[in-house]
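Shown next, in structure tokens, is the structure this report addresses.
The values are calculated or read from the model by the stated rules, or taken from the named source; none is laboratory data. These numbers were taken from a predicted model, which means no experiment stands behind them. Here the Cβ is made from the backbone with ideal geometry for all residues, glycine too, and neighbour counts use every protein chain on show.
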Amino acid sequence: MVASHYSAQLNPAELLRRVRAAFPNGALPRQLAGIDQLHIGGIQASQKLLTNVPQSSAPSYSVLEIGAGLGGLQRLCISQQPEQSALHYTTLDITPAFSELNRGLNRLCQHSRHGLGEHGNLSVLTGDGQQLAMANDQFDAVILQHSLLNMPDPQRCLTECHRVLKPGGKLILHEVLRGNLQQAITYPVPWASDATNSHLISLPALLAQLSTAGFTVTSAQDWSAEALVWRQQQSHKEADTEAMSVKLSPQMIFGKRFSLMATNLLSNLKHGAIQVHEVIAVTTA
Ligand SMILES: C[S@@+](CC[C@H](N)C(=O)[O-])C[C@H]1O[C@@H](n2cnc3c(N)ncnc32)[C@H](O)[C@@H]1O
């Protein structure tokens, strides 16, 4: 089960205790990037992705993020909104331990003077993105950042996204896709210990599934080259094990196995077995 992959080496209460000890006066959302940006490209990629979400919205703008992990994108988004913003951001994740951490990190950021403030506009839910417990036409935007890659039935998830989006609503994808099919994927990678939980589809397959779900693609960008550069830079930083032991890092989520996951990620990117894409689509039906 995918949730056990992510929580196998995780003790949420202990992790929250360590993070609170590191930030006794509360944290700024960007200070948590070492643990809450669990995708290729880190916080820089999230900043770029958020250019697709309006900064100021009247009377209201409603976002659903599916597979939000520890909620890093959500906190970054809310912290960049103007004070009077009526944006409401709901996260959904299938891993209960991640939802628990997400709520804990939201509280930590609300305690920082320059953090989130007392926002009533965040909701953290646990559930399956392939089967949304939400009514039709609820959201202005749905975001998936490295979460379709875990779904055995991506078509079902995309159809659900279309159902819960308002007419003209926007789907914002930042996903790992299958690259060169001749090139086998080396496991473990951060999203899967082996092929069981890894469900990468190719760009043509994704575009076909989006069309079947009723979306029109407005932009598709290959971010693989910058993803490779970012991963190389991270690997240099992570080689400094002493610094890593005191900093927030994905090792706190994945444990010691993260080192091999990161090495394989870099190799998969270098050999073209995987690619990283941003795809934006709007509902047409
Ligand atoms: C690689 S992590 C990315 C987390 C987060 N989006 C980020 O970038 O930091 C993949 C996330 O997708 C979630 N996930 C996987 N399958 C899911 C599903 N069917 N429904 C909802 N969430 C799912 C996992 O629990 C995990 O939090």
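At-a-glance table
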| read-out | value |
| --- | --- |
| Residues of region 154-209 satisfying the condition of being part of a helix (DSSP H, G or I) and among the basic types (K, R) | R156, R163 |
| Pairs, first at positive phi and in contact (Cβ under 8 Å) with a residue 60 or more places away in the chain in region 210-239, second outside any strand (DSSP E or B) and not acidic (D, E), C-beta under 8 Å, six or more apart | G214/T159; G214/H162; G214/T284; G214/A285 |
| Given (1) at pLDDT below 95; (2) under 24 Å from H277 (Cβ atoms); (3) basic (K, R), index of the condition K48 fails | (1) |
| Pair list, Cβ under 6 Å, 6 or more apart: region 258-278 residue of a type in the set (A, V, I, L, M, F, W, C) and modelled with pLDDT of 95 or more, other residue buried (at least 18 other Cβ atoms within 10 Å of the Cβ) and part of a strand (DSSP E or B) | M261/V189; L265/V189; I274/V176; V276/V176 |
| Of residues in region 44-65 being within 16 Å of the ligand (Cβ to nearest atom) and surrounded by fewer than 20 Cβ atoms within 10 Å (Cβ to Cβ), the one nearest to L265 (Cα to Cα) | Q44 |
| Candidates N102, N121 - the one that is touching a strand residue (DSSP E or B) at 6+ places or on another chain (Cβ under 6 Å) and away from the ligand (no atom under 15 Å from the Cβ) | N121 |
| Count of residues meeting criterion [more than 13 Å from L148 (Cβ to Cβ) and either within 16 Å of the chain's Cα centre (by Cα) or hydroxyl-bearing (S, T, Y) (or both)] in region 193-221 | 7 |
| Test: L149 is within 12 Å of the ligand (Cβ to nearest atom), at pLDDT 95 or above, part of a loop (DSSP other than H, G, I, E, B) and more than 18 Å from I35 (Cβ to Cβ) | no |
| Index of the failed condition, Y187 passing every other in (1) in contact with a His (Cβ under 6 Å, 6 or more places away or on another chain); (2) buried (at least 16 other Cβ atoms within 10 Å of the Cβ) | (1) |
| The one condition in (1) closer than 15 Å to T283 by Cβ; (2) within 15 Å of the ligand (Cβ to nearest atom) that G168 fails to fulfil | (2) |
| Region 1-43, subset touching a Phe, Trp or Tyr at 6+ places or on another chain (Cβ under 7 Å) and in a helix (DSSP H, G or I), residue nearest to the ligand (Cβ to nearest atom) | Y6 |
| Number of positions in region 132-146 that are touching a helix residue (DSSP H, G or I) at 6+ places or on another chain (Cβ under 7 Å) and not in a strand (DSSP E or B) | 4 |
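Here's the yes/no breakdown for (1) crowded, with 22+ Cβ neighbours inside 10 Å; (2) modelled with pLDDT under 95; (3) touching a Cys at 6+ places or on another chain (Cβ under 7 Å):
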site	(1), (2), (3)
G71	yes, no, no
S85	no, yes, no
N102	yes, no, no
H111	no, yes, no
E118	no, yes, no
L125	no, no, no
M134	no, no, no
V142	yes, no, yes
R163	no, no, no
